[in-house]
Structure formats: structure tokens, C-alpha cells
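Everything below concerns the one structure shown next.
The values are calculated or read from the model by the stated rules, or taken from the named source; none is laboratory data. The model shown is predicted, which means the values in this text are computed figures rather than measured ones. Note: ideal-geometry Cβ built from the backbone for every residue, glycine included; neighbour counts use all protein chains shown.
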Amino acid sequence: MLKVQGLCKRYGDTEVVRSLDLDVRRGECFGLLGPNGAGKTTTLRLLLGLIEPDCGSIEIDGIAVPQHAREARMKVGVVPQMDNLDPDFSVCENLLAYGRYFGMEKSAIAARVPELLEFAGLAGKADALIAQLSGGMKRRLTLARALVHDPDILFLDEPTTGLDPQARHLIWQGLRRLIADGKTIVLTTHFMDEAERLTDRLAILDHGRIVAEGSPRALIESHIEPVVVEVFGEGLADWTRNHAASLCRRFETVGETLFCYLDNADTVIDALKHAPTLRYLHRPSSLEDVFLKLTGRDLRD
Amino acid sequence: MIKHLRLPLLSWRFIPVWHRNYQVWKKLAIPAILGNLADPMLYMLGLGYGLGSLLPDIGGMPYITFLAAGTVAYSTMNAATFEVLYSSFSRMHVQRTWDAILNAPLTLDDVMLGELTWAVTKSLLSGLAILAVIWGLGLFGNFWMTLWIIPVVALVGFCFGGMGLVMNAVSPSYDFFLYYFTLVITPMVLLCGVFFPVSQLPALLQGVSAWLPLTHAIDLARPLVVGNMPDNILLHVTALLVYGSLGYVIALAFTRRRLLR
């Protein structure tokens, strides 16, 4: 459905996207994970043909981009990172206007509006103004707007950034419905739980390059020990010096927390019983651990 | 900049963009039309009769007729300019409406052609309102000749719409547009014969005036109000088309650099 080979994009001396290969199958939900500035949004803009790549090729459903970007975009629905609903229009008028950009007849769009509003959980809000909607409602309307022309593939750029937990769950629910309907989805995110919940496969992007690719489970199994004990509290530095190397298979200190990676946590937990000033959290390892291991723990601005 | 400069690819896809702006305008159509009518009418009545009663005829026409013809060009220039400066800037930069449209199968060429044709429409609306005032006050020589003012007004809208889009493309904020008004629009109003004949100016400024687009607009509109065929029609039409087209092409390049990089 989406084939990308050797894609690259440079701004001056900065290589924002470096020889990127992607192969997203029809009906798959594919995640692009990466810290801020990893090249996620640039990649999406390249896929849409909004900017020209310096090298490489892109095909959406067999259509070459950017050469035939217009035809390709007919098949794509986009949920951008920043809401750009039309504030001069009501909820319903937003959908009508957007459908026209795809060359649809007013009657054809109007016939789809009730279904789209139902999908977005905005059934009673057809005449509401955009300013009256909550953040979650705006996102859901943006998602409905992306579906107005019934696209085969959806590009979502950080679809739940800035939403509260309830609103995020509603978006996820909508996305799962679309996946069940057989839509292909490409989404960028820096929320690990979102990627773990939704994606069949994902690629972790850093400095414009794919550093790992696979299903969330497979990535965890191949990159990280199954169990993590996070240790923190008074006297951590001493305990780390004396015990961490012998007890942990691998460990890292980040700020005031020791991350101890293991196959089995029993011995560490026994040892911690003799250190009453320390507290700990014992949990299975997650995608976040893989992400931090591969992209590092330094702050990205 | 140079690598973004290329001939526009025109397509019919600009129509939904025009239609979008029309739909928004329709919501406030009545105050908009009243504004279109009231503004030039106040000018013409106030200045035309008030100031005009103190002045001799200019080139064989009463001052109010002279002013009415100038106002046709001046107001339609303003209509297109305000549209592509403040309103287009809101849509492009503040509301990000253009970004949303560019995710659909439209190019920037389509979006900006939609904005340009909408600016032409706004000029037409403004021009028709002034024509109505001219007809109502009987300030014309030959009714049928005044109908030619309608395409002239569209041309003026195209010219200043295209030019204004360049400002839109390079502006960091609304405040920037003041430079355009202070340095381009206002001097043009004073140099191009809106309120007084260009022949009153020193020779040097008359030479400058001959190159300005508003002069060409007025040279077309004023004879048509009085009931004469303008001289040098081809020159004036070409000048307005060139200013507008160059503006559109340059604006496209700057806007590509701004949005699509």
C-alpha cells in the first residue's frame, strides 16, 4: 500500500531524513516513533508530496509521489499535528467544504455527514461552531474530516498529543474501528502506550534514520530484558556502586533513578530488603524501555 | 527563492477555494454590501459635492464625476488589497486553512488562484456598488459605456490581488502590511489621479505616475464614466495584466518557500 525506498531530505547541512525504507501493507496500522526532531513530520510531508525529496522513491497504492501527488492524495486522509479546522464554518460546514476540495458533489458529501458525525461522537453538534468544541471534539472532527472522501489510507501526525486520557481513549476507539474496517493507517507518535495499543508494526526513528523495526512485542523481546526494577531513594548512589553491577544484567542511572534490567527480579528484590531507605518499582519491560535504550535519554528540544 | 520560481500550473481545482471564501462571505453578506455602498457614497457626496462646489470643472466634467471615476479604481484596488493582505493572511498563517486544503488534492497554485479570483470577486462587488451610486446620482455620460467598467474593475482586482499576494507571502504579521499601505498604496492614490489630475504634478512625478498600475486603471475607468472610449486600451490592459500576473507568480514562489519546504 505504501512503499518507500531510500528516501532522504536535507535542509542545508542537516539531514532530516536519511535513506528511509518503509513497506506498509494494506490494512496494517504502522507506527513511526521518534523523539522530537527525529524526522517524523518531515517524512509525512514527503509522503504527501508537499515537499520534494532529495533522493529515494515513494509509492502510495502504486502511484508515484511527488510526481503524481495529486492523484495519490485522493486516496489519503490526513490528520495534522496542529488542528486546522476552518473556524469560519460550523462542524457540518467544515465537512462540506473539505469534501469539495476532493471534487465531491455537495449531495454526496451531505449523505456522508451523519455517518461521519456519528463516528466522531458529534451527532448533535452539526451546527456547533469550532470555537465551542473541546480539544477532544476538535481532534475527532479532524479525524472525521480526513475520512470525508473515504480514503484507503490515513496519515495521522501525533493524533492524541495534548488530549486528556478520556479524549485519547475515544480517539483510539475510533482508530480501532477504522483498522477493523480495513483502512491502512500510518501514525506518528511519541506515546509508547499508543504505539503498543494500536500498531501492528512500528519503526523507531532517530536523527532521520530507522533504528529498529518490528511488532511492539518483537521489539521488546529482541532489544530488552523482560523485567525492569526501578530503584530510587536515599543512598541510591552507594547501593548502585556496591550491588548494581553484580545483581543487574544491565543497568542505567537516569537522574535519581536506577533502571535495573533482568530476566528475573527475585534476587534484586531480596537484596533491596536489606536497604530500607530505598524504594523500588518492579514491572515488565515495555516499548518505552526499548525506545529509551535506542534513542538515548538526553533531552530533545 | 529562484528554485521556487516557476510557471504556475493552473487547474479548475481552485474553484472549491473560491467557493469556500464565498460561503464565508455569504454569512455576512448584508453588512458587507452596505459597507461597499456606504463608503464610496460618503466620499463622493462629502468630497464631490462639498469640495466639488468650490472647484471648477476638470477636463470638462464636474468634480464629483471626476472623483467618482477615480473612486471606482481606488475602491476596487482597496477591496482586492485588503482581501489578499488581511483576509488571506488569516487563512494562510493564523487559521492554517491553506495547510488543511493542501492535504487534499490541491496545489499551492490552486489555493492561491482561488484567493486571487476571490479578490477579483471582492473588487467586482465593490465596483458594482460604486457603479450603482454613479447610476443613482446620474454621474455618467452614456449608460452602455459604463457597463465596460465591470470588466475594468475585475482587471483592477486581478492586478492588485496579484501584487498584494506577494506581501502576504513575505509578511511575518499583520503589522507588516502597514509598510505596503504607507509606501505603496497611499503614494499611489496621490500620484495616480484619484483626487486630482496627474497633470497637476511636477514632470518627474508624472513620469513615475505613468508606470503605476492605478494610473492605468484610472485611465480606463474615467473616460468610460464620462461616456468616451479610453485611449491606449491595449497598453492599460496589458499593464494591469502584467502587474497582476507577475505578482501572482512571484507570490507563489515566496509562498512555496514559506509553506512547502
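Pairs linking a residue in region A:185-212 that is without any contact (Cβ under 8 Å) to a residue 12 or more places away in the chain to a residue that is of a type outside the set (Gly, Ala, Ser), with Cβ atoms under 6 Å and 6 or more positions apart or on different chains, do not occur. With the requirement that a residue be surrounded by 24 or more Cβ atoms within 10 Å (Cβ to Cβ) and over 30 Å from A:Ile51 (Cβ atoms), what does region B:71-119 give you? Of everything in region B:71-119, those that are surrounded by 24 or more Cβ atoms within 10 Å (Cβ to Cβ) and over 30 Å from A:Ile51 (Cβ atoms) turn out to be B:Thr71, B:Val72, B:Ala73, B:Tyr74, B:Thr76, B:Met77, B:Ala79, B:Ala80, B:Thr81.
Based on this model, can you work out whether A:Leu50 counts as in contact (Cβ under 8 Å) with a residue 40 or more places away in the chain and within 14 Å of chain B (Cβ to nearest Cβ)? Taking the combined requirement at face value, the residue does not satisfy it. Report yes if some residue within region B:53-60 is farther than 19 Å from B:Gly164 by Cβ and assigned to a helix (DSSP H, G or I); otherwise report no. Yes, there is a match, as at least one residue in region B:53-60 is farther than 19 Å from B:Gly164 by Cβ and assigned to a helix (DSSP H, G or I). Among the candidates A:Ala218, A:Ala237, A:Ala244, the residue that is hydrophobic (A, V, I, L, M, F, W, C), more than 15 Å from A:Glu288 (Cβ to Cβ) and within 25 Å of the chain's Cα centre (by Cα) is uniquely A:Ala218.
So which strands (runs of 3 or more DSSP E) stay within region A:122-241 end to end and still have 2 or more residues that are touching a Ser or Thr at 6+ places or on another chain (Cβ under 6 Å)? Outline the logic, then answer.
On the way: elements: A:153-157, A:184-189, A:201-206, A:209-214, A:227-233.
Per the criteria, A:153-157, A:201-206, A:227-233.
Count of region A:18-43 residues, restricted to those that are in contact with a Leu (Cβ under 8 Å, 6 or more places away or on another chain) and either assigned to a loop (DSSP other than H, G, I, E, B) or within 14 Å of chain B (Cβ to nearest Cβ) (or both), is 3. All of (1) over 25 Å from A:Gly31 (Cα atoms); (2) surrounded by fewer than 16 Cβ atoms within 10 Å (Cβ to Cβ) hold for A:Arg283 with one exception: (1).
Buried (at least 20 other Cβ atoms within 10 Å of the Cβ) and of a type in the set (Val, Ile, Thr) - does that describe any residue in region A:84-104? Yes, that holds for at least one residue. Of note, A:Gly135 does not satisfy the criterion of being surrounded by fewer than 16 Cβ atoms within 10 Å (Cβ to Cβ) and closer than 26 Å to A:Asp21 by Cα.
Looking at A:Thr189, is it assigned by TED's automatic domain parsing to the domain that holds A:Phe102, among the hydroxyl-bearing types (Ser, Thr, Tyr) and touching a helix residue (DSSP H, G or I) at 6+ places or on another chain (Cβ under 8 Å)? So A:Thr189 passes the test.
Of the helices (runs of 4 or more DSSP H) lying entirely inside region B:80-176, those containing at least 1 residues that are out of contact with any Cys (no Cβ under 6 Å at 6 or more places or on another chain) and within 14 Å of chain A (Cβ to nearest Cβ) are B:97-102, B:108-136.
For region A:121-180, give me each residue that is basic (Lys, Arg) and without any contact (Cβ under 8 Å) to a residue 12 or more places away in the chain. Of everything in region A:121-180, nothing turns out to be basic (Lys, Arg) and without any contact (Cβ under 8 Å) to a residue 12 or more places away in the chain. Evaluating A:Ala218 against the criteria (1) surrounded by 15 or more Cβ atoms within 10 Å (Cβ to Cβ); (2) at pLDDT 90 or above leaves one unmet condition, (1). Filter region B:18-57 for residues that are without any contact (Cβ under 8 Å) to a residue 24 or more places away in the chain, within 14 Å of another protein chain (Cβ to nearest Cβ) and hydroxyl-bearing (Ser, Thr, Tyr) and give the result. Those that are without any contact (Cβ under 8 Å) to a residue 24 or more places away in the chain, within 14 Å of another protein chain (Cβ to nearest Cβ) and hydroxyl-bearing (Ser, Thr, Tyr): none in region B:18-57. B:Val242 meets each of the listed conditions (1) under 17 Å from B:Pro151 (Cα atoms); (2) among the β-branched types (Val, Ile, Thr); (3) not in a helix (DSSP H, G or I) apart from (3).
For region A:63-70, the criterion of a residue being modelled with pLDDT of 95 or more and under 23 Å from the mean Cα position of the chain (by Cα) is satisfied by no position. Name the single residue that is farthest from A:Leu7 (Cα to Cα) among those in region A:90-120 being more than 7 Å from chain B (Cβ to nearest Cβ) and in a loop (DSSP other than H, G, I, E, B). Looking at residues that are more than 7 Å from chain B (Cβ to nearest Cβ) and in a loop (DSSP other than H, G, I, E, B), I get A:Glu105.
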